[in-house]
């Protein structure tokens with residue numbers, strides 16, 4: 001951090017004079033799209049988004065040199081199953097069943113990546129349906145493995161990473177995850193661990209994000225104080241209308257394209273859906 005940016009941060013917190021920000025933040029009109037890496041500095045990000053706690057989307061130009069974008073994706077923009085099988089096929093990965101609600105999450109199992117890719121192909125061939133449910137590879141800690149070297153480059157905007165720095169020192173855990181799945185897979189409504197900020201790059205395909213600023217989620221709690229599982233479910237939306245929950249603003253909606261990077265600020269609740277289906281692949285051997 002340069003001196004000017006540090007002074008900006010000190011003045012910002014000095015203006016608070018020990019007061020906490022409002023518990024309920026208004027919903028911005030839009031999410032900014034950052035186009036050019038050459039004209040967007042760390043100071044720009046710090047002043048415009050990190051300190052104000054606002055989301056933004058970085059264009060695919062920010063990740064064009066990543067190894068995962070070169071090797072994990074075919075020239076036509078589809079997942080390169082052959083490459084993934086050759087390099088990670090025997091790795092055991094965690095898989096969640098998106099079709100089953102377990103509290104406000106999904107039950108998980110573990111399987112070799114090759115078995116999950118076989119399921120993925122069969123799911124597509126079955127017109128995005130399977131007797132096994134809608135399975136989503138989630139929270140794969142590939143970055144703990146030396147074989148992950150070169151798959152990504154840490155963006156300078158997120159180089160101050162106190163959460164992973166702490167766990168790296170202990171050498172027991174990390175919060176760097178890889179997600180993979182077909183159309184229909186999704187992550188239920190949540191905020192990130194310890195209310196930290198997060199960032200997410202879409203290697204291929206398309207994602208739909210629903211984002212709520214800090215405090216807005218309070219208007220969505222049920223009579224027991226629980227948060228919703230799915231803010232897009234018709235039954236939930238109908239319940240909101242009947243209960244008059246008009247003091248909660250609609251979420252910000254973001255469509256994330258291949259290569260783009262989404263910054264999710266601290267305390268923002270969100271829900272994410274995978275949107276793009278792939279043509280039928282060859283059957284499993």
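To the nearest 0.05, what FRET efficiency results for residue 86 and residue 122 with a Förster distance of 22 Å applied to their C-beta separation? Please list the in-between numbers first.
Working: r = 20 Å, r/R0 = 0.91.
With R0 = 22 Å, the Cβ-Cβ based efficiency is 0.65.
Rank-order 67-74, 100-107, 221-228 by packing density, defined as the average count of other C-beta atoms within 10 Å over each peptide's residues, highest first. Each step should come with its number before you reach the end.
On the way: 67-74: 15.9, 100-107: 13.5, 221-228: 11.1.
For the peptides 67-74, 100-107, 221-228, the packing ranking is 67-74, 100-107, 221-228.
Run the numbers on region 64-274 and let me know its relative contact order in percent, using alpha-carbon pairs under 8 Å that are six or more apart. Mind showing how you got there, number by number?
Working: 325 pairs, mean separation 50.0, N = 211.
Reported as a whole number, the value is 24 percent.
Taking the simple approach of a point 7 Å from Cα along Cα-to-Cβ for both residue 132 and residue 195, what is their distance in nm?
Taking the simple label geometry, residue 132 and residue 195 are separated by 3.9 nm.
Could you work out the relative contact order of region 14-109? I mean the mean sequence separation of Cα pairs under 8 Å and 6+ apart, divided by the number of residues, in percent. Let's see the in-between values first.
Values: 53 pairs, mean separation 15.5, N = 96.
The value is 16 percent.
Where in region 122-141 is the amide nitrogen less than 17 Å from a point lying 7 Å along the Cα-to-Cβ axis of residue 111?
Of the residues in region 122-141, 122-140 have backbone N under 17 Å from the label point off residue 111.
Let me make sure I get this right: for region 102-148, a, b and c are the square roots of the gyration tensor eigenvalues over alpha carbons, sorted descending. Under 1.5 in a/c it's rounded, otherwise prolate if a/b > b/c, else oblate. Which is it? Mind showing how you got there, number by number?
Values: a/c = 2.88, a/b = 1.35, b/c = 2.14.
Because a/c hits 1.5 or more and a/b fails to exceed b/c, region 102-148 counts as oblate.
Each label point is 7 Å from the Cα along the Cα-to-Cβ direction; what then is the distance between the points at residue 104 and residue 206, in nm?
2.9
All of the numbers you see were taken from the coordinates with simple rules; none came from a lab. All values derive from a computational prediction rather than experimental measurement. Positions of Cβ are backbone-derived with ideal geometry, glycine not excepted, and every protein chain shown enters the neighbour counts.
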